Amino acid sequence: MPVFTRQDSSLRKANHELEAGLGAHGETQPATVGAPAVDRAEPTRAEKARAALRAAPRGARVDGEQAPGEFLQRAKGFLKAEVYITHLNGQPVVCKDYRRYAGTPAALVARWLVRHELKMLERLGDWTHAPRAVARLSPLSLAMEYIPGPLLSDAALNDVTDAHLSQQLILVVQQLHQRQMAHNDIRGSNVVLRDGVPVLIDFTSAVRLPRLPGTASLARMMRRFDLRHSLKLKQRTLGLPLSTREARLLIRSGRLNRTLRVWKKGILPRLKGRKH
């Protein structure tokens, strides 16, 4: 079971212990017959990791911030994960859990999503504007750094803050592109304000920008896609006017508009389990 760690090397050992202590279906292995019982005053690291993975957190928002123990996302729709805050090695982490698909054909895709998001976060390293990868808890679940703060879509802002935040967000997106990556899902619910500074979350759709000869147009289109959605946040969520140059970025061709309309109105609602 591969483990991705940043600062706490004990996570790797904890995951090995967790793997040894679990059966094929995630159940605790029975003790060997005749083996003496061992009394432990405190749970082992494997037990703590197992408890974190199996936790069903409950909680409520506290002053607009994500409180430990809170469900951040319920699994509604196709290939949606349960996302919640739990604790690993005494530290709050965000767990993204696709285990509801275990034993189904969708598990193959869910496993790829887990590996892909961890890989994207690993490539970003300790970049301030994205959560750090913590561990792959199982083939269908991963843990990442917990970012405290309200979502951009929920934040209470003022005119001065709005203008500054808009500039910050666009700079953050440009920094991501300089790291040869596109997010592909910039929206208010995927931006957390940590001490007023935007942090991008949910890198499930993120991809590396192509650098091969002849792919410059594709890379430019992917960068424009991120910037276009950042400008939509500026215009619709923050209520700020766009400059002439920014407004030009929002203009799309008629063919692209028709394609996006089919995606948004026809395909996406079905994937999310919604009716028209």
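The values are calculated or read from the model by the stated rules, or taken from the named source; none is laboratory data. Because the structure is predicted, anything quoted here is derived from the model rather than measured. Here the Cβ positions follow ideal geometry from the backbone for every residue, glycine too, while neighbour counts run over all protein chains shown.
Please enumerate the residues belonging to segment 135-178 that are touching a Phe, Trp or Tyr at 6+ places or on another chain (Cβ under 7 Å) and not small (Gly, Ala, Ser). Give the derivation first.
Residues of segment 135-178 that are touching a Phe, Trp or Tyr at 6+ places or on another chain (Cβ under 7 Å), as a first pass: 135-136, 140-141.
Within segment 135-178, Arg136, Leu140 meet the criteria.
Taking the conditions exactly as written (polar (S, T, N, Q) and at pLDDT 95 or above), does Gln167 satisfy them or not? Reasoning before the result, please.
Numbers: polar (S, T, N, Q): yes; at pLDDT 95 or above: no.
It is false that Gln167 is polar (S, T, N, Q) and at pLDDT 95 or above.
Pairs under 7 Å by beta carbon, first residue surrounded by 19 or more Cβ atoms within 10 Å (Cβ to Cβ) in segment 110-121, partner part of a helix (DSSP H, G or I), six or more apart or different chains?
What qualifies is Ala110/Tyr101.
Report yes if some residue within segment 146-167 is surrounded by 15 or more Cβ atoms within 10 Å (Cβ to Cβ), outside the structural domain of Leu212 (by TED's automatic domain parsing), small (Gly, Ala, Ser) and not in a loop (DSSP other than H, G, I, E, B); otherwise report no.
No - not one qualifying residue is present in segment 146-167.
Would you confirm whether any residue within segment 179-195 is within 25 Å of Ser217 (Cβ to Cβ) and more than 17 Å from the chain's Cα centre (by Cα)?
Yes; the residues of segment 179-195 include at least one that is within 25 Å of Ser217 (Cβ to Cβ) and more than 17 Å from the chain's Cα centre (by Cα).
How about segment 199-252: which of its residues are part of a helix (DSSP H, G or I) and of a type in the set (A, V, I, L, M, F, W, C)? Outline the logic, then answer.
Taking segment 199-252 first, the residues part of a helix (DSSP H, G or I) are 216-237, 244-249.
Result: Ala216, Leu218, Ala219, Met221, Met222, Phe225, Leu227, Leu231, Leu233, Ala247, Leu249.
Does Ser189 satisfy the criteria of being closer than 24 Å to Trp112 by Cβ and in a helix (DSSP H, G or I)?
Details: closer than 24 Å to Trp112 by Cβ: yes; in a helix (DSSP H, G or I): yes.
When the stated conditions are applied, Ser189 passes them.
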